[in-house]
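Working notes, structure below.
The values are calculated or read from the model by the stated rules, or taken from the named source; none is laboratory data. Model, not experiment: these values are computed from the prediction. Please note: Cβ atoms are built from the backbone with ideal geometry, for glycine as well, and neighbour counts cover all protein chains shown.
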């Protein structure tokens, strides 16, 4: 039901059961009532809270409420697909503006407040192999090792000896990290800040260079390249030779395209770095995420979207003859999971008490019809039509006085007594 609701950009999940046909999602309303759905959603758990260790316990985990799901996902992702030869590591953000000790503030990011997730993806498809939620600095962590280095080492533990190529940006890069990965038979390429340790003096020398000009040095199988684009670009690599020059197309301010020389490490970095961005783009399309006061529910929604995106990538790779978009995949997934199930004793329809209900006006202290006034009071098109079954009259039926009718207004889609309810209902 969350998957189906994600296909519609409604302000609130409750509007899937709205009495206004403009917002109502009939396939969702057919599965169960709104009160039942909200009750189930409010009691959703993925861990036993009674077994949670206290804050002073050595096994205390800030992510205890969601940890079983994250662990299960990482295990399944690792064994569901063959490790590709080119992968990228980057950060992803989960929007959350509530109160949480692990919430991060990133003023330079599109999502400024939320949870930070480290992700290792396939460079071409964006398939997620492993993810790690950042919970802040832990006690006992060594300050000598940077956060970026610790993240890359953790996400690449299972890749030792595979000769897989990893790409990451200057937040993670360091010469020590590149050398450590190479010692574990993992190739790496990444941009690097010019003030990092063990870089040659060429990195900090300010000199005039023409666009497309480059300089490079190698040491201990690590290549450093300095290339002039709009500003100097610094890259380190253990996978590509810096003396190989290719052509790159750069867009100018006047809209024209200029072809310039570009070293292969920089060109390959640009091709292979977009894996996490592709994942974020697919995840943001038709997302199931909704506002929530519970801090971990947003992470649960993120997990659901991640699973769906990975499933879509696997399906399209196994069935290349089937041309299916992510929208079509989510639609098919919803229908396959529901398969006509309903917990209702009778089918929800566009007429009767299951569709339009009274609500109590706090000012007039009287019951008002649930059909929007622009439909109910519109002149023309209100014709009585007889149906096969009886439904409660929208105007006069109450809990103590149950009045039923087989006459339905064709425009308002509500059951009404022929006289006098039909005429009275369409008057202000």
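Table for the structure above
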item	result
Residue within the range 271-279 that is touching a helix residue (DSSP H, G or I) at 6+ places or on another chain (Cβ under 8 Å) and assigned to a helix (DSSP H, G or I) present	yes
Test: residue in the range 354-367 that is under 20 Å from residue 21 (Cβ atoms), touching a helix residue (DSSP H, G or I) at 6+ places or on another chain (Cβ under 7 Å) and at pLDDT below 90	no
Residue list for the range 183-196, filter: over 33 Å from the mean Cα position of the chain (by Cα) and more than 14 Å from residue 146 (Cα to Cα)	183, 194, 195
Evaluation of residue 9 against (1) at pLDDT 95 or above; (2) surrounded by fewer than 13 Cβ atoms within 10 Å (Cβ to Cβ) (one fails), failing number	(1)
Some residue of the range 51-59 being in contact with a helix residue (DSSP H, G or I) (Cβ under 8 Å, 6 or more places away or on another chain), in a loop (DSSP other than H, G, I, E, B), touching a residue at least 12 places away in the same chain (Cβ under 8 Å) and not assigned by TED's automatic domain parsing to the domain that holds residue 372	no
When residues of the range 60-79 are limited to those that are free of Cβ contacts under 8 Å to residues at least 60 places away in the same chain and within 24 Å of residue 309 (Cα to Cα), the one nearest to the chain's Cα centre (by Cα)	74
Given (1) surrounded by 20 or more Cβ atoms within 10 Å (Cβ to Cβ); (2) part of a loop (DSSP other than H, G, I, E, B), number of the condition residue 302 does not satisfy	(2)
Cβ-Cβ under 8 Å pairs, at least 6 apart or on other chains, the range 203-226 side farther than 15 Å from residue 188 by Cβ, far side surrounded by fewer than 10 Cβ atoms within 10 Å (Cβ to Cβ)	203/195; 204/195; 211/230
Among (1) surrounded by fewer than 16 Cβ atoms within 10 Å (Cβ to Cβ); (2) in contact with a helix residue (DSSP H, G or I) (Cβ under 8 Å, 6 or more places away or on another chain); (3) farther than 26 Å from residue 72 by Cβ - the single one residue 29 does not satisfy	(1)
Residue 60 vs. criteria closer than 16 Å to residue 133 by Cα and at pLDDT 95 or above	no
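Residue-wise test of (1) touching a helix residue (DSSP H, G or I) at 6+ places or on another chain (Cβ under 8 Å); (2) over 16 Å from residue 19 (Cβ atoms); (3) in a loop (DSSP other than H, G, I, E, B); (4) in the same structural domain as residue 20 (by TED's automatic domain parsing).
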position	(1), (2), (3), (4)
374	no, no, no, no
379	no, yes, yes, no
389	no, yes, no, no
397	no, no, yes, no
407	yes, yes, no, no
411	yes, no, yes, no
419	no, yes, yes, no
